[in-house]
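What follows is a set of notes on a single structure, which appears directly below.
The values are calculated or read from the model by the stated rules, or taken from the named source; none is laboratory data. None of these values were measured; they are calculated from a predicted model. So basically every Cβ, Gly included, is an ideal-geometry build from the backbone, and we count neighbours across all protein chains shown. These area figures cover heavy atoms from the full protein model, side chains too; ligands, DNA and RNA do not enter into them. Shrake-Rupley method; radii C 1.70, N 1.55, O 1.52, S 1.80 Å.
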Amino acid sequence: MATNIGGLPVREGVIVTISGTVAGFREDEFLLQDSTGQIWVEPKAGSWNGLNLSIGDQVTVVGDRDDLEDFDAISITVNNAAGNSQTMPGISPNFSNPQSTINQPIRQLTNVSMGTPQNIGGLPVRDDVIVTIAGTVAGFREDEFLLQDSTGQIWVEPKAGSWNGLNLSIGDQVTVVGDRDDLEDFDAISITRSNSPVNLPFNWENQNLNSGLNSGRSGTLGDDLIFGDEINPNTINGNDGNDSVSGGGNNDIISGNRGQDLLIGNGGNDILFGGKDDDTLAGNRGQDMLFGNLGNDILYGGQDLDFLDGGEGNDTLSGDMGQDFLTGGPGNDIFVLSTATAAADFQTGDRILDFESGLDRIQLTPGLTFADLNLEAMELGTAIRLVQNNQILGIVDNFTPGMLSANDFLLG
């Protein structure tokens, strides 16, 4: 007898059966829903090659839920209305079809617009069109929260599927980046708690990613070294193993997936996803978006204006050159602010969007001490200035100067 998905408890090693309808995909997982709720399902083997699932398929899954993130499958059975039933053990997948409909290394982002937040009311369903919404947290259900603005409400679900450590409360002001691919909810790839909406001044589109040029390149289940095309845009998935992936001079989307990966965007406006485990991401040139996802990740923005999101885990974020926007996510994060990249004014200074005193730390350039800093109140929060030349190391959003102390800084 199948167990209801809604409210399915976390019980490691307790094998249960769930069943429902395939409602979506992300990387190597699929979203299963019944009348009580939804859950992401991950096969134990970690690969979907050859499974040929499609949205709307009726599926029965046997496995356990050992955390809030997903359901680990050891057996998957497709029972479609046509009567054909095929059982696929999660521990021994079939690799015969490299073009499986579920072998989707990352989501194909057709349009990235990081400008003014969109109205929630009447927000259209546009799969993989990335937009920004902002509002007030109004409620919770399972792993989602209800976000409302003056025009309407929408349920928001994080891409990682877990809210451990986010500590959101009703009434919090939140800015979310993601897409609305169905009427049910808004899929978030970045969530920032802020007293005012964060308007990232990106003015670009990551174009030509669906042109078929070098799209869909994937690594193996081992350790891979992958170089993207220098001229055409790349869409690359490292798959399993400890991979090193380097993009080219155009606008690339790179996903490390599992393993301890090194991802480098190089030129162009790139989007990098670390995936699971401890990864290192470097945007290099262009206006880049870096998402560490799970694990203890290291993120370097490189040149130009970048957006860095550490995700879950204890991450280190360094914006480097240009104005950068840094959000650590859940965990004990380190934000690197360097004298070499200090700004002359508020408009170009790096911003830390979700600093948590007592958990996160700000890393200073070697030789600097807390006494070398001047904490200045401003509308966004607190500007950290150098006493010596009055340049701005960075801005901590939603903090007054009195809320920061020497304990919040790491000396080099």
Counting only heavy atoms of protein chains, what accessible area per residue, in Å², does the range 269-412 have with a probe of 1.4 Å? 36
Applying 1/(1 + (r/R0)^6) with R0 = 30 Å to the Cβ-Cβ distance of residue 123 and residue 35, what FRET efficiency is obtained, to the nearest 0.05? 0.75
Percent relative contact order of the range 290-332, based on C-alpha pairs within less than 8 angstrom and at least six residues apart? 38
Could you check how much of the accessible area of the range 335-412 is carbon and sulfur, as a whole percent, using a 1.4 Å probe? 52
Integer Hz, Karplus 6.51/-1.76/1.60 couplings in order for the range 377-384, x for Gly and Pro: 6, 8, 4, 6, x, 10, 8, 9
Work out how much length residue 12 to residue 55 would gain on full extension: take 0.36 nm times their residue separation and subtract the Cα-Cα distance, in nm to one decimal. 12.7 nm
If you plug each phi of the range 251-266 into the Karplus form 6.51 cos²θ - 1.76 cosθ + 1.60 with θ = phi - 60°, what whole-Hz ³J(HN,Hα) values come out, in order, with x for Gly and Pro? 8, 10, 10, 10, 10, x, 6, 7, x, 8, 10, 10, 10, 10, x, 6
Estimated FRET transfer efficiency when R0 is 30 angstrom, pair residue 400-residue 169 (beta carbons, to 0.05): 0.95
Roughly how far apart, in whole Å, are the Cα centres of the range 232-264 and the range 373-394? 36
Cα→Cβ-extended label distance, 7 Å offset, between residue 182 and residue 376, nm: 5.0
At a probe radius of 1.4 Å, what is the per-residue accessible area of residue 244, in Å² to the nearest 10? 40
